[in-house]
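Here the structure is laid out as structure tokens; the discussion comes afterwards.
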Amino acid sequence: MTDPGASLASTALKQEEVFPIREVSRLTGVNPVTLRAWERRYGLIQPTRTESGHRLYSLADVDAVRSILAWIERGVSVSKVGKLLARSSAVKAPLASVREDLAAGEWGEWRAQVRAAVATLDEAELERVYGQVFSTYPLPVVFADVLMPVWQTLLLRQDEFGRGSEWVFFDSFLRARALQRLQLARSGRQERVLLAPLPGPGRELELLVAGLLLGGGELSVSVLGLGQPLAELAMVCGKLRPQALVLFSNQPPADDLGQQLARLALGLDCPLALAGEVADLMDEELEGTPVACLGSEGRLMQRRLRQFLAGHLDT
């Protein structure tokens, strides 16, 4: 005998692109018990309900589950994931309604064009769309609101057949163009900030994009490669003499990172700051220290960096 709730969920799935809990479990690998716990105990996802009480998840909910899972796999506890999501929402709140409208409208259309070019591995078409987006919006919007959301979605879906190849293609394309833009931005500019990755796993593209988002105006950003030893940064800064050193990571911090940063700051002749999602996780621990936390949201990072360099940002 057919379950009426299952039939209703199936109809909704076809008509409204929503998913019953068993389908979300299949797509993400997270069992239904855990999905319910994330909803009830932490409020991380909020599926809708049918009249009979069955949960239905949107595509956005599925992506949220994948994001939560990615954080947990990187060593962040569920309770801290909730804090990160809440902090991110608070940072973006003043522009939330505007950005949601644009994401659903113009930005959503551009993302669809990017996805279509990536799906066919058509570099010429992707280059055309890339150029058009840049002629329409400023750099922070292009990367933060159009390109990186597509890249992040593909990254989270690499285990699906075909998505891995699409992600490698798109990642390679964006890394080449981000590096080119960083090199062009450095031409003829005297003021420079040095951006270095924290030790540990990381994605080169995220580091390069952080460099683009931090720079602008008369300020250029030089990016050190993945694998840069933390212990040698004081020596590197002594040779390059940057206005500031910014450390970046989107990974959870090591247990002794605060102590490492304190030692590093003592050996530097320039200010030290932290950027990326690690800054959101470390801001309370680093409060009152010489190390500034610039956050992880692109526009906020650049504004805080300029305030920091001008001596107007509390640390």
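The values are calculated or read from the model by the stated rules, or taken from the named source; none is laboratory data. These numbers were taken from a predicted model, which means no experiment stands behind them. We place every Cβ from the backbone using ideal geometry, glycine too, and count neighbours over all the protein chains shown.
Return the residues of segment 147-189 that are more than 22 Å from V30 (Cα to Cα), touching an Asp or Glu at 6+ places or on another chain (Cβ under 8 Å) and modelled with pLDDT under 90; say none if nothing qualifies.
Matches in segment 147-189: R189 only.
Scanning for something more than 16 Å from A292 (Cα to Cα), surrounded by fewer than 17 Cβ atoms within 10 Å (Cβ to Cβ) and of a type in the set (V, I, T), does segment 223-232 turn up at least one residue?
No, every residue in segment 223-232 fails to be more than 16 Å from A292 (Cα to Cα), surrounded by fewer than 17 Cβ atoms within 10 Å (Cβ to Cβ) and of a type in the set (V, I, T).
L84 versus (1) out of contact with any helix residue (DSSP H, G or I) (no Cβ under 9 Å at 6 or more places or on another chain); (2) of a type outside the set (S, T, N, Q); (3) at pLDDT below 80: which is the lone unmet condition?
Condition (1) is where L84 drops out.
Among the residues of segment 230-280, which ones are touching a Leu at 6+ places or on another chain (Cβ under 7 Å), among the polar types (S, T, N, Q) and part of a helix (DSSP H, G or I)?
The one that is touching a Leu at 6+ places or on another chain (Cβ under 7 Å), among the polar types (S, T, N, Q) and part of a helix (DSSP H, G or I): Q260.
The rows are residues; the columns are (1) outside the structural domain of L224 (by TED's automatic domain parsing); (2) of a type outside the set (S, T, Y); (3) in contact with a helix residue (DSSP H, G or I) (Cβ under 8 Å, 6 or more places away or on another chain); (4) buried (at least 17 other Cβ atoms within 10 Å of the Cβ).
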{"site": "A112", "(1), (2), (3), (4)": "yes, yes, no, no"}
{"site": "L121", "(1), (2), (3), (4)": "yes, yes, yes, no"}
{"site": "E125", "(1), (2), (3), (4)": "yes, yes, yes, no"}
{"site": "V129", "(1), (2), (3), (4)": "yes, yes, yes, yes"}
{"site": "P138", "(1), (2), (3), (4)": "yes, yes, no, no"}
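Is segment 22-29 home to any residue that is at pLDDT 85 or above, in contact with a strand residue (DSSP E or B) (Cβ under 9 Å, 6 or more places away or on another chain) and part of a helix (DSSP H, G or I)?
Checked against the condition, which is being at pLDDT 85 or above, in contact with a strand residue (DSSP E or B) (Cβ under 9 Å, 6 or more places away or on another chain) and part of a helix (DSSP H, G or I), segment 22-29 yields at least one hit.
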